[in-house]
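Take a look at the structure set out below.
The values are calculated or read from the model by the stated rules, or taken from the named source; none is laboratory data. Keep in mind that what you see is a predicted model, and the values were worked out from it rather than measured. Positions of Cβ are generated from backbone atoms using ideal geometry, with glycine treated the same way; all protein chains shown enter the neighbour counts.
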Amino acid sequence: MKEELKSEALRRVEGKTFYLIDNVWTDSEFKADSGLPETKIAFGSEEYFALLKQVPKLGSFFALGERVVVVFEGRVYRVN
């Protein structure tokens, strides 16, 4: 990461830190090689809203934008 991060490129939500990397809000806990199970979901799709009904806590993270990667309860959620 760059030494200087602009404040616009950093958000804190529900105790997590997110960085805006290549137009994707990415959880600071995310590691590409973690081996965690991953759920990919299209922003605004039926599956997206069904998941939010099933796991309402994800709404705070998904509210960051249309492209989000979040680690939550041992799983990676990738919205794009």
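Selection of first residues in segment 7-29 that are on the phi > 0 side of the Ramachandran plot and in a loop (DSSP other than H, G, I, E, B) and of second residues that are at pLDDT 95 or above and among the hydroxyl-bearing types (Ser, Thr, Tyr), restricted to Cβ pairs under 6 Å at least 6 apart or on distinct chains, gives the following pairs, ordered by first then second residue: Glu14/Ser60. Taking segment 44-80 as the range and being touching a Phe, Trp or Tyr at 6+ places or on another chain (Cβ under 8 Å), assigned to a loop (DSSP other than H, G, I, E, B) and not aliphatic (A, V, I, L, M) as the test, the residues that pass are Lys57, Gly65, Glu66, Arg67, Asn80. If we scan segment 45-68, do we find a residue that is in contact with a strand residue (DSSP E or B) (Cβ under 6 Å, 6 or more places away or on another chain) and among the β-branched types (Val, Ile, Thr)? Taking every residue of segment 45-68 in turn, at least one turns out to be in contact with a strand residue (DSSP E or B) (Cβ under 6 Å, 6 or more places away or on another chain) and among the β-branched types (Val, Ile, Thr). Looking only at segment 42-58, how many residues end up being surrounded by 13 or more Cβ atoms within 10 Å (Cβ to Cβ) and within 20 Å of Ile21 (Cα to Cα)? Qualifying residue count, segment 42-58: 1.
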